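The values are calculated or read from the model by the stated rules, or taken from the named source; none is laboratory data. Given the structure is predicted, the values throughout are model-derived calculations rather than measurements. Because the Cβ atoms are built from the backbone with ideal geometry, glycine has one as well, and the counts that use them run over all protein chains shown.
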């Protein structure tokens with residue numbers, strides 16, 4: 001066997017964030033490889049049918065994604081409804097997607113163990129794997145299809161992706177966004193904040209190539225479970241393989257495959273039904289992204305739909321790529337229980353008919369459900385989490401992609417720091433890394449969880465959850481009043497709120513400014529309907545008293 005001292009990294013190539021210099025040693029061994037394919041968008045005028053499970057662009061929710069096989073209609077063809085082109089329920093064959101060959105290093109079973117096991121090959125899982133491996137530790141990513149196409153329509157604010165060095169992974173950018181609040185023509189908000197759609201194949205290739213360059217290995221299998229014993233964690237795979245790791249990261253999204261909760265998970269839900277469509281024409285500006293359209297004049301001919309929409313309002317979210325191609329999504333911001341998909345589809349049908357949008361072809365059909373808010377995982381615990389498994393979805397908006405990728409440097413560097421400490425202790429006692437006790441390993445995980453959820457983040461999340469509780473109680477008129485005040489705030493406040501970058505003290509200022517910008521009627525609604533959520537937030541804040549001391553105490557006992 002060959003041991004090599006790796007050069008320490010002074011920065012992260014993914015997000016340009018300077019990291020602590022942590023020189024480490026890793027074991028180099030011959031690796032077998034698997035040849036796989038990373039998928040690029042299909043360029044043909046034909047699309048093959050199938051259903052795919054994915055996560056939504058703005059957040060990361062459970063989503064069913066289908067692609068319909070249709071010839072491009074002739075000019076004489078009538079417009080078709082979605083009922084006419086409902087796809088059969090079957091998987092998309094690999095041959096239907098143009099691919100680029102990649103070789104993924106396969107996990108060597110002869111080694112038996114690694115320092116970090118990552119369950120899930122999504123964006124955050126791959127980013128953490130690359131960064132930890134860059135520091136010199138052995139990392140294995142377990143996923144049943146590590147190179148499967150990401151069908152998610154990720155929509156992000158451009159400044160967030162640019163700050164992480166990922167602006168080259170956007171395939172379309174709108175220089176502004178629009179919000180329609182009411183049926184009045186002049187009741188429109190212009191948001192001077194560029195918005196983009198993520199180029200999913202490019203992002204995946206970028207992250208995978210970084211992993212390959214740093215020596216990350218892959219196990220093509222499902223994670224069935226994990227057992228913690230003898231100072232390590234043993235992950236059981238669907239193919240019978242057992243892999244031992246010093247630490248395990250659950251990056252499986254809202255499946256929450258390994259992370260444990262000690263209280264019932266009762267979130268609100270953001271539901272959406274969307275289509276990527278070719279149309280004859282549409283009324284939207286192609287240089288602007290339609291962020292929210294709360295108009296309801298499409299329901300006036302259907303009193304039942306109008307009343308339902310009044311009680312549980314939904315809005316249109318649209319990405320126009322050209323005069324004849326766009327993504328349309330009818331969205332329920334948050335509800336408990338979720339607005340049924342069939343109702344969302346009916347509202348979208350009515351809206352498109354009212355806007356005179358005639359569909360020529362549907363390329364993708366999406367069903368999305370994002371859990372928002374709810375309890376956090378049990379903290380600390382042996383399995384680490386990121387993204388949906390760690391409660392990182394914005395409780396008030398459903399945004400997650402930028403939040404979880406932005407959390408990668410903090411999480412990965414904390415893992416590296418704890419592994420280096422364990423490595424130093426093992427070296428001092430002439431042992432191999434991985435020989436620590438159960439108590440010592442638990443302390444390593446506790447320190448990482450503390451980096452993921454410091455007290456400031458917990459208090460921030462309590463405020464966001466308070467916001468969700470208020471939104472759950474607002475009808476259509478009250479929702480319009482809320483967003484009229486929200487988008488009248490300074491860019492610092494409304495952008496900071498959506499991007500989850502306001503501190504708790506700044507959020508208090510945000511709340512006071514929102515109240516000041518609101519109409520008298522809206523203020524009364526906020527007071528009356530916000531009291532239960534306010535009480536819940538205050539109770540949550542009380543629980544953070546002494547949190548830092550409790551977490552630090554668990555870490556310091558093993559320094």
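Brief remarks on what is shown
- Set 223, 236, 216: member being within 22 Å of the chain's Cα centre (by Cα), more than 28 Å from residue 290 (Cβ to Cβ) and in the same structural domain as residue 257 (by TED's automatic domain parsing): 223
- Summed over the stretch 179-198, the residues that are crowded, with 19+ Cβ neighbours inside 10 Å and part of a strand (DSSP E or B) give a count of 7.
- Cβ-Cβ under 9 Å pairs, at least 6 apart or on other chains, the stretch 423-438 side more than 21 Å from residue 229 (Cα to Cα), far side at pLDDT below 75 and surrounded by 11 or more Cβ atoms within 10 Å (Cβ to Cβ): 427/25; 427/433
- Note on the stretch 381-392: residues that are at pLDDT below 90 and either assigned by TED's automatic domain parsing to the domain that holds residue 343 or assigned to a loop (DSSP other than H, G, I, E, B) (or both) amount to 2.
- Evaluated against (1) surrounded by fewer than 24 Cβ atoms within 10 Å (Cβ to Cβ); (2) in contact with a helix residue (DSSP H, G or I) (Cβ under 8 Å, 6 or more places away or on another chain); (3) part of a loop (DSSP other than H, G, I, E, B), residue 206 falls short on exactly one condition, (3).
- Lone qualifier among 512, 411, 433 - being surrounded by fewer than 21 Cβ atoms within 10 Å (Cβ to Cβ) and either in contact with a strand residue (DSSP E or B) (Cβ under 7 Å, 6 or more places away or on another chain) or at pLDDT 95 or above (or both): 512
- Residue 292 modelled with pLDDT of 95 or more and within 30 Å of residue 173 (Cα to Cα): yes
Yes/no matrix, rows are residues, columns are (1) surrounded by fewer than 16 Cβ atoms within 10 Å (Cβ to Cβ); (2) modelled with pLDDT of 95 or more; (3) under 26 Å from the mean Cα position of the chain (by Cα); (4) in the same structural domain as residue 308 (by TED's automatic domain parsing):
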site	(1), (2), (3), (4)
423	no, no, no, no
443	no, no, no, no
446	no, no, yes, no
464	no, no, yes, no
468	no, no, yes, no
486	no, yes, yes, no
494	no, yes, yes, no
500	no, no, yes, no
507	no, yes, yes, no
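- Positions within the stretch 269-295 being touching a helix residue (DSSP H, G or I) at 6+ places or on another chain (Cβ under 6 Å) and either outside the structural domain of residue 348 (by TED's automatic domain parsing) or surrounded by fewer than 23 Cβ atoms within 10 Å (Cβ to Cβ) (or both), in sequence order: 283, 294
- All strands (runs of 3 or more DSSP E) inside the stretch 218-263 with 3 or more residues being surrounded by fewer than 18 Cβ atoms within 10 Å (Cβ to Cβ) and on the phi < 0 side of the Ramachandran plot: 223-229
- Screening residue 201 with (1) buried (at least 16 other Cβ atoms within 10 Å of the Cβ); (2) in a strand (DSSP E or B); (3) at pLDDT below 95 gives one miss only, at (2).
- Residues in the stretch 170-186 that are without any contact (Cβ under 8 Å) to a residue 40 or more places away in the chain and over 18 Å from the mean Cα position of the chain (by Cα): 171, 173, 184, 185, 186.
- For residue 154, the conditions (1) touching a helix residue (DSSP H, G or I) at 6+ places or on another chain (Cβ under 6 Å); (2) surrounded by fewer than 19 Cβ atoms within 10 Å (Cβ to Cβ); (3) touching a residue at least 60 places away in the same chain (Cβ under 8 Å) all hold with the exception of (2).
- Residue match in the stretch 127-148 (condition: surrounded by 24 or more Cβ atoms within 10 Å (Cβ to Cβ) and either within 15 Å of the chain's Cα centre (by Cα) or under 30 Å from residue 477 (Cβ atoms) (or both)): yes
- Pair list, Cβ < 8 Å and 6+ apart or interchain, from the stretch 346-368 residues that are over 16 Å from residue 290 (Cβ atoms) to residues that are at pLDDT 95 or above and in a helix (DSSP H, G or I): 346/305; 350/298; 350/299; 350/305; 353/298; 359/352; 367/341
- Counted residues, the stretch 356-397 - those being surrounded by fewer than 23 Cβ atoms within 10 Å (Cβ to Cβ) and within 12 Å of residue 250 (Cβ to Cβ): 2
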